[in-house]
Amino acid sequence: MKVLGIVGLPGSGKGEFSKIADQMGIPVVVMGDVIREEVRKAGLPPTGESMGIISRALREKHGMAAIAITCIPVVECLESDLVLIDGLRGDAEVRVLQKHFPSFVLIAITAPDEMRFSRLCNRGRSDDVSSISELYERDAREAGFGLLNAMKMADLMLENATDIEAFKKSVISTLNALQNKHDCSECVP
């Protein structure tokens, strides 16, 4: 089984990458969903602040790779040659997944701050930011988990700085190459 990991700052395009992978039939495990489920279990409101509280608590209790470790059994239960893990937040998570899955490939997605902020303002999730200063606070919190170090460990880098169609083509090309499939324009979902 080949396992792909996606890493990037909030609003960079991780969710869009995962959506495209899902449309191509690749199973997706979303690390943020693990945290959202813990927020729900704790009876907290589904806000960015609650996500941060729970993320820190899980890592304090189980170490910096806590979320990745929780995802491993979920990935192993999937019957697929290729699985995508969306939303790695730190280098400790990357190291755990690299050790557990020998064919692990890490993909970092980048995007300009202004584009990331605009995307977060428009996507409508309860934990999204409402100001650029909130975005920078969230970036700093996630950098504290080792996110920037994880991005430096990436095997592949995708820039998401233009329009959605260009990004989709880049994602499809990348996923086809990783599946050793042909690359064609008819594959665009």
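Read the figures in this text as sums done on the coordinates, not as results from a lab. If you're wondering where the values come from, they're calculated on a predicted model, not measured in any experiment. All Cβ positions, even for glycine, are placed from backbone atoms using ideal geometry, and neighbour counts span all protein chains on display.
Take the residue pairs Lys14/Lys61; Lys2/Lys168; Lys61/Lys152 and return only those whose Cα atoms are more than 31 Å apart.
none
The Cβ shell under 11 Å around Pro112 holds other residues with a net charge of -1, Lys and Arg each +1, Asp and Glu each -1. Proximity of backbone amide H atoms, modeled 1.01 Å from N, is registered between Leu4 and Val83, Leu84, Ile85, Val105 at under 5 Å, excluding neighbours fewer than 5 places apart on the same chain.
Net charge around Val3, counting only other residues with Cβ within less than 15 Å of its Cβ (Lys, Arg = +1; Asp, Glu = -1)?
It works out to a net charge of -3.
Between Val30 and Asp86, the built amide H atoms are under 5 Å apart, and every one of these is 5 or more places off in sequence or on another chain.
Give me D for segment 2-178 in µm² s⁻¹, whole number, from Stokes-Einstein with Rh from the Kirkwood sum over alpha-carbon pairs, 37 °C and 0.692 mPa s.
Working: Rh = 16.3 Å.
The diffusion coefficient I find is 201 µm²/s.
The separation of segment 92-157 from segment 28-65, counted between C-alpha centres, amounts to 15 Å.
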